[in-house]
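Engineer: Pasting a structure here, questions to come.
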Amino acid sequence: MRNLYLQILEAKARGQKLLAILLDPDKLAVDSISDLAIKINQSPATHILVGGSSFEGSHLAEIVILLKQKTTLPILLFPGNPSQITAEADGILFLQLLSGRNPDYLIEHQIDAVPILEKTNLEIISTGYILIESGSETAVELVTQTKPLDRNNFDYVAQTAKAGEYVGNKLIYLEAGSGAQQAVPLAMIAKVAERISVPLIVGGGIRSKAGVEEAFTAGADIVVIGTAFENDSAFFENDWSTSQIPNSKC
Ligand code: 1GP
C-alpha cells in the first residue's frame, strides 16, 4: 500500500503543493458520486478527504468504494467522530482538537476509535487540528462545544501548532471551519509554517484560485477546498494550470 504520509513529506521537500477536495457525506447522495468523480479527475486535486462534523456514517463505505472505483486519488478520512471510519479508505487524519479543551476531542474519541481502527489497514496520520475564529460560529464549534482561537493572536496559534508537533502530530491543520466567512489569515499561515517542521494543512472559507494560491504562498503545504466545490462542481473548470497548484498527482 502507498505510504501517504511519506508522499506528503516528499512533496513538501520538493516544494510541490497539494490540494485536497473535501467531500462531506452528509451532503452527498451516493448516485451523485459518478458525476462528481469525473469533475474530481479533471481537477488539480491530489487528495480526497471524506468526513464532516455530524455525519453518522450510514452510507460512508458505499461512497468511498465508489470514489475508489472512479478516481485514482488517495482517500483520507477526516472524521468528526468514530462512526465516520471505514476500512475502504486509504488513510485517516487522526485528529486531536488542539484549540479546544474538550477531553472528548482531545483523547476520548481517539480511544473509542482504536478497536475500529485495529480492524482496518488504514494509514493513521496523527493530525493536530486548530480551529481559528472566522467571523461566525462554525459547525466544528457547535459539535465540539469549544471556542476557536483568536484570529489575531498569531503567536499563541503558532505555539499551539508547535506543541502539537512536540506531542507527535505529523500534520497540523489550521481550520477556519467549513463555509467560514473569513479564511485563516495569511500572516497566521506564514507564522505557523515558519515555526513548525511538519506539513501544514489549511482549510475553511477558501473560495477561489487566488485564495488557494495565497495560502500556498504564505506557507500551506496542503489546501483544502470543500464548500466551493460542493456548491459548484465546475469550480475547477477555469484555468488552474498557470498556478502553483500541482500538475502531477501523488
Ligand atoms: C472544512 O477546511 C475544510 O473542514 C474546508 O472548508 O468547506 O470552507 O472549503 P470549506
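Engineer: For the range 118-250, what Kirkwood radius comes out of the mean inverse Cα-Cα distance, in Å?
Structural biologist: Details: mean 1/r = 0.0644 Å⁻¹.
Computed over the range 118-250, the radius equals 15.5 Å.
Engineer: Another question, then. What is the dipole size for the chain, taken about its Cα centre, with +1 at each Lys and Arg Cβ and -1 at each Asp and Glu Cβ, in debye to the nearest 20?
Structural biologist: Numbers: 19 positive and 29 negative charges, 143 e Å.
Magnitude of the dipole: close to 680 debye.
Engineer: Moving on. So what is the relative contact order of the chain, in percent, for Cα pairs below 8 Å that sit 6 or more residues apart?
Structural biologist: Details: 505 pairs, mean separation 50.6, N = 250.
RCO, the chain: 20 percent.
Engineer: Over all alpha-carbon pairs of the chain, lay out the pair-distance distribution in 5 Å bins, whole %, shortest bin first.
Structural biologist: That works out to 1, 6, 15, 20, 22, 19, 12, 5, 1, 0, in percent per bin.
Engineer: For q values of 0.21, 0.26 Å⁻¹, compute log₁₀ I(q)/I(0) with the Debye formula on a Cα-only model of the range 121-196, without solvent.
Structural biologist: -0.92, -1.22
Engineer: Are there GluC sites (Glu not before Pro) in the range 100-154 that DSSP puts in a loop and that have at most 16 other Cβ atoms within 10 Å, and which ones?
Structural biologist: E118, E137
Engineer: For K119, go through the lysines and keep the ones whose alpha-carbon is under 30 Å away, minus same-chain ones fewer than eight residues off.
Structural biologist: K27, K68, K70, K170, K249
A short reminder: the numbers here are calculations on the coordinates, not readings from a lab. Since the structure is predicted, the reported quantities are computational estimates derived from the model, not experimental observations. No Cβ is skipped: glycine too gets one built from the backbone with ideal geometry, and neighbour counts run over all protein chains shown.
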